[in-house]
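The values are calculated or read from the model by the stated rules, or taken from the named source; none is laboratory data. Computed from a predicted structure; not experimentally measured. With ideal geometry, Cβ positions are generated from the backbone for all residues, glycine too; neighbour counts draw on all protein chains shown.
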């Protein structure tokens with residue numbers, strides 16, 4: 001190929017990706033600043049210029065073993081589809097269009113439809129990006145398959161009507177707005193060793209948590225939004241930054257108790 005790759009379209013079908021991590025083990029002390037998708041493309045020794053890349057029917061699973069519960073929880077993204085436009089590191093092509101766009105849609109946990117669009121600025125030295133997305137509606141109890149093993153939180157009632165978010169960020173963090181519409185949201189904080197749907201709850205702390213969290217949005221006719229401000233851990237990946245930013249927005253909308261309240265006494 002004479003050491004370069006120029007193409008109109010690239011299509012990949014039927015991919016399966018599974019990732020597992022035991023978070024009781026410390027992260028390797030490696031600084032991952034400069035490892036965003038756009039930055040890796042710009043660092044490639046091979047000149048690239050691909051107009052469109054398509055991944056169809058992707059199964060992605062991220063499984064994490066929680067250090068406190070010793071139980072694994074898995075986030076599944078099923079029937080995924082990724083469309084990428086303007087994959088290039090050639091200066092002349094970047095001068096014409098300096099934005100690489102990635103659209104991703106998938107079904108999360110078999111219950112929640114997700115659509116996201118990422119924009120990476122190819123000529124930005126600080127990893128500048130923007131992302132916006134939507135989440136569909138579902139019974140909130142469907143999220144117990146990750147909230148129980150990963151956080152020892154059981155959702156007893158609730159319905160999610162939908163959510164949307166928009167974030168901008170760089171190598172060091174993300175900022176933006178998050179809003180979720182839901183109703184009748186109530187939780188139970190589980191005792192250690194009771195990480196199951198039928199596990200025994202910590203009655204006093206569960207009552208305290210439900211007195212703090214906001215059970216509905218809108219509430220009294222007013223729709224709450226939450227401003228996300230999340231600083232990146234430089235030892236963690238771009239996708240960790242995006243997920244943690246969204247999760248921060250969720251906790252803010254719900255008015256979730258602090259981690260200190262949730263810790264085992």
Starting from segment 1-26, keep only residues that are within 27 Å of residue 77 (Cβ to Cβ), then list their pairs with residues that are in a loop (DSSP other than H, G, I, E, B) and modelled with pLDDT under 80 whose Cβ atoms are within a distance under 7 Å, requiring at least 6 positions of separation or different chains.
-> 23/66; 23/67; 24/67
Inspect all residues belonging to segment 122-137 and state whether any of them is without any contact (Cβ under 8 Å) to a residue 60 or more places away in the chain, farther than 16 Å from residue 246 by Cα and assigned to a strand (DSSP E or B).
-> no
Residue within segment 135-148 that is closer than 27 Å to residue 23 by Cα and in contact with a helix residue (DSSP H, G or I) (Cβ under 8 Å, 6 or more places away or on another chain) present | no
Please work out if residue 223 is modelled with pLDDT of 85 or more and within 15 Å of the chain's Cα centre (by Cα).
-> no
Report yes if residue 38 is in contact (Cβ under 8 Å) with a residue 40 or more places away in the chain, within 17 Å of residue 94 (Cα to Cα) and buried (at least 16 other Cβ atoms within 10 Å of the Cβ), otherwise no.
-> yes
Return yes when residue 62 is within 23 Å of residue 237 (Cα to Cα), under 25 Å from the mean Cα position of the chain (by Cα) and surrounded by fewer than 16 Cβ atoms within 10 Å (Cβ to Cβ) and no when it is not.
-> no
Among the residues listed as 216, 231, 184, 171, the single one being at pLDDT 90 or above and surrounded by 19 or more Cβ atoms within 10 Å (Cβ to Cβ) | 171
Take residue 145 and decide whether it is in contact (Cβ under 8 Å) with a residue 60 or more places away in the chain and either within 26 Å of residue 72 (Cα to Cα) or surrounded by fewer than 17 Cβ atoms within 10 Å (Cβ to Cβ) (or both).
-> yes
Elements of type strands (runs of 3 or more DSSP E) contained in segment 149-251, each with 2 or more residues being closer than 30 Å to residue 126 by Cβ and touching a residue at least 60 places away in the same chain (Cβ under 8 Å) | 153-170, 173-189
